[in-house]
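Worksheet for the structure shown next.
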Amino acid sequence: MDEGLYTLDYHAAHAAGDQSSRGNALAVLRNGKILGSDHWGAVFMGSYEFDAVSETNAVHLRLHVPPGGELVTGFAAGPEGAILEISGCFGRAAPVARAIAEVAGQPLEVTMTYLGALPN
């Protein structure tokens with residue numbers, strides 16, 4: 001994947017037509033690292049690497065869900081919040097890539113769109 005700023009649009013795979021099952025986030029990719037957040041306050045960070053065998057980008061994230069947060073998949077973090085591990089694979093996001101990731105046991109369809117390069 002190219003370094004830069006990306007928008008992530010996602011929805012719960014089981015409820016694609018339901019607007020409450022949709023969300024979006026911004027992410028920065030640089031030097032194999034990812035950092036991002038959605039507008040509800042969930043923060044994710046992790047890494048990405050190119051897999052030459054499958055010709056995909058493997059993504060590994062740790063999602064920090066704030067106390068009381070609820071994901072579009074229906075997962076509720078509870079009063080202490082939650083930390084979830086997420087892994088998935090994307091093709092080259094130039095300018096758009098799609099994938100399905102498992103989040104707390106539920107499928108999440110993700111569309112990743114490249115917005116532009118980061119300043120030096």
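Please treat every number below as a calculation from the coordinates, not as lab data. Bear in mind that the values here come from a model prediction, so they are computed numbers and not experimental data. When we count neighbours, we look across all protein chains shown, and the Cβ atoms used for this are built from the backbone with ideal geometry, even at glycine.
The relative contact order of the range 58-108, computed from alpha carbon pairs under 8 Å that lie at least 6 residues apart in sequence, is 34 percent.
Placing unit charges on the Cβ atoms only, positive for Lys and Arg and negative for Asp and Glu, gives the chain a dipole magnitude near 200 debye about its Cα centre.
Here are several values of P(r) over Cα pairs in 10 Å bins from 0, in percent: [x] 14, 43, 30, 11, 1; [y] 10, 31, 23, 17, 13, 6, 0; [z] 14, 48, 31, 7, 0. Which one was derived from the coordinates shown? Checking each listed value against the structure points to [z]. Checking every one of the GluC sites (Glu not before Pro) in the range 1-97 against DSSP loop status and a limit of 12 other Cβ atoms within 10 Å picks out E55, E80.
The stretch between V43 and V28 holds 4.2 nm of extra length on full extension. This uses 0.36 nm per residue minus the Cα-Cα distance. Each residue, I83 and T113, gets one label point 7 Å from its Cα in the Cβ direction; the gap between the two is 3.3 nm.
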